[in-house]
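Notes follow once the structure below has been shown.
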Amino acid sequence: QVQLVESGGGLVQAGGSLRLSCAASRTIFSINDMGWYRQAPGKQRELVATITSGGSTNYADSVKGRFTISRDNAKRMVFLQMNSLKSEDTAVYYCYAHYLGSPYWGQGTQVTVSS
């Protein structure tokens with residue numbers, strides 16, 4: 001199993017930046033797929049960005065060019081740098097890991113962007 005704990009959410013004005021962090025309870029060297037999803041009120045959870053253990057990344061079209069995902073395997077951390085935030089980025093952001101055939105989720109961190 002792996003436990004994930006997010007931090008770094010908060011309230012920010014449109015155009016501002018936030019950096020989300022996700023701390024894993026175990027080594028992530030062997031966890032190939034990690035990433036971030038988000039869920040806005042009344043909407044389904046959607047993919048934001050993913051990163052493999054080799055550093056390959058994938059982004060939702062809505063965040064390309066504004067968000068950057070990264071990971072530090074030695075520190076067991078995954079990050080999401082969010083720039084040029086828009087009101088439509090308001091959501092609960094969840095850290096995700098796919099490990100030994102099972103998905104794992106953090107408890108989520110709220111990001112609110114005021115216009």
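The values are calculated or read from the model by the stated rules, or taken from the named source; none is laboratory data. Because the structure is a prediction, the values reported are computed rather than measured. Note: ideal-geometry Cβ built from the backbone for every residue, glycine included; neighbour counts use all protein chains shown.
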Item to check | Positions within the stretch 72-114 being modelled with pLDDT under 95 and among the hydrophobic types (A, V, I, L, M, F, W, C), in sequence order | outcome: Ala74, Leu100
Item to check | Residue list for the stretch 20-70, filter: surrounded by 15 or more Cβ atoms within 10 Å (Cβ to Cβ) and aromatic (Phe, Trp, Tyr) | outcome: Trp36, Tyr37, Tyr59, Phe67
Item to check | Unmet criterion (only one of (1) more than 20 Å from Gly8 (Cα to Cα); (2) free of Cβ contacts under 8 Å to residues at least 12 places away in the same chain; (3) in contact with a strand residue (DSSP E or B) (Cβ under 9 Å, 6 or more places away or on another chain)) for Gly55 | outcome: (2)
Checklist entry - Could you give every pair whose Cβ atoms fall below 6 Å, whose first residue belongs to the stretch 6-18 and is among the β-branched types (Val, Ile, Thr), and whose second residue is part of a loop (DSSP other than H, G, I, E, B), counting only separations of at least 6 or pairs across chains? => result Val12/Leu85
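Conditions (1) over 14 Å from the mean Cα position of the chain (by Cα); (2) outside any strand (DSSP E or B); (3) small (Gly, Ala, Ser), marked per residue:
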residue: Lys64; (1), (2), (3): no, yes, no
residue: Ile69; (1), (2), (3): no, no, no
residue: Leu80; (1), (2), (3): no, no, no
residue: Ser84; (1), (2), (3): yes, yes, yes
residue: Tyr93; (1), (2), (3): no, no, no
residue: Tyr96; (1), (2), (3): no, no, no
residue: Pro103; (1), (2), (3): yes, no, no
residue: Val113; (1), (2), (3): yes, no, no
Checklist entry - Taking the stretch 19-36 as the search range and keeping residues that are among the polar types (S, T, N, Q) and free of Cβ contacts under 8 Å to residues at least 60 places away in the same chain, which one is nearest to Leu80 (Cα to Cα)? => result Ser21
Checklist entry - What number of residues within the stretch 1-15 satisfy the criterion of being hydrophobic (A, V, I, L, M, F, W, C), surrounded by 13 or more Cβ atoms within 10 Å (Cβ to Cβ) and farther than 12 Å from Arg26 by Cα? => result 2
